[in-house]
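Engineer: Would you mind keeping the following structure in view while I ask a few things?
The values are calculated or read from the model by the stated rules, or taken from the named source; none is laboratory data. Treat the numbers as computed from the prediction; the structure is a model and nothing was measured. When we count neighbours, we look across all protein chains shown, and the Cβ atoms used for this are built from the backbone with ideal geometry, even at glycine.
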Amino acid sequence: MTQEEFDKFMAVHPGLIDQFHKDRRIWVSHIPSVQLRSFTDHLSKLFGCPLLSTQIEPELEFVFYDPEAAGNSDNELLDLSHERAGDTVSL
């Protein structure tokens with residue numbers, strides 16, 4: 001993904017910036033896997049911190065997150081993914 005393509009994507013999705021500043025993570029659909037590394041690099045530069053990304057079931061959306069921020073552990077991201085999908089897990 002070029003910088004120009006990234007800028008166009010962000011212009012169409014302006015709420016992602018506020019969402020990241022609020023939660024230190026964003027959920028994104030429809031990013032081709034071949035563009036994942038460059039998209040993550042562009043986001044890291046935009047937000048000024050190293051980001052990680054992963055794809056989580058059940059919706060298989062990508063989550064881009066600050067691994068140092070509270071609430072972004074593997075288990076917490078998995079729980080959030082299930083909440084976003086409307087799943088309820090009873091233990």
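Engineer: What tally of residues in region 72-91 results from selecting those that are of a type outside the set (A, V, I, L, M), closer than 26 Å to SER38 by Cβ and surrounded by 15 or more Cβ atoms within 10 Å (Cβ to Cβ)?
Structural biologist: Total meeting the criteria: 2.
Engineer: Please go through region 26-71 and give me each residue that is hydroxyl-bearing (Ser, Thr, Tyr) and either more than 18 Å from ALA85 (Cβ to Cβ) or crowded, with 16+ Cβ neighbours inside 10 Å (or both), ordered by number.
Structural biologist: Residues of region 26-71 hydroxyl-bearing (Ser, Thr, Tyr): 29, 33, 38, 40, 44, 53-54, 65.
Scanning region 26-71 gives SER33, SER38, THR40, SER44, SER53, TYR65.
Engineer: With region 1-57 as the region, which helices (runs of 4 or more DSSP H) entirely inside it contain at least 3 residues that are among the hydroxyl-bearing types (Ser, Thr, Tyr) and without any contact (Cβ under 8 Å) to a residue 40 or more places away in the chain? Spell out the reasoning first.
Structural biologist: On the way: elements: 3-12, 15-23, 36-47.
It comes to 36-47.
Engineer: Taking region 1-25 as the search range and keeping residues that are β-branched (Val, Ile, Thr) and over 13 Å from the mean Cα position of the chain (by Cα), which one is surrounded by the most Cβ atoms within 10 Å (Cβ to Cβ)? Let's see the steps before the verdict.
Structural biologist: First, the residues of region 1-25 that are β-branched (Val, Ile, Thr): 2, 12, 17.
So of that shortlist, the ones also over 13 Å from the mean Cα position of the chain (by Cα) come out as 2, 12.
On the way: THR2: 10, VAL12: 8.
Ranking the candidates gives THR2 first.
Engineer: So ASN72 fits all but one of (1) in a helix (DSSP H, G or I); (2) within 13 Å of the chain's Cα centre (by Cα); what number is the exception?
Structural biologist: (1)
Engineer: Looking at region 23-69, which of its residues are at positive phi and not hydrophobic (A, V, I, L, M, F, W, C)? Reasoning before the result, please.
Structural biologist: Going through region 23-69, the residues at positive phi turn out to be 24, 30, 48, 60.
Within region 23-69, ARG24, HIS30, GLY48 qualify.
Engineer: For region 10-20, indicate whether the set of residues that are touching a Ser or Thr at 6+ places or on another chain (Cβ under 8 Å) and at pLDDT 95 or above is non-empty. Even if it seems obvious, please write down each step before you answer.
Structural biologist: In the first step, residues of region 10-20 are kept if they are touching a Ser or Thr at 6+ places or on another chain (Cβ under 8 Å); the result is none.
Looking for residues that are touching a Ser or Thr at 6+ places or on another chain (Cβ under 8 Å) and at pLDDT 95 or above, one finds none in region 10-20, hence no.
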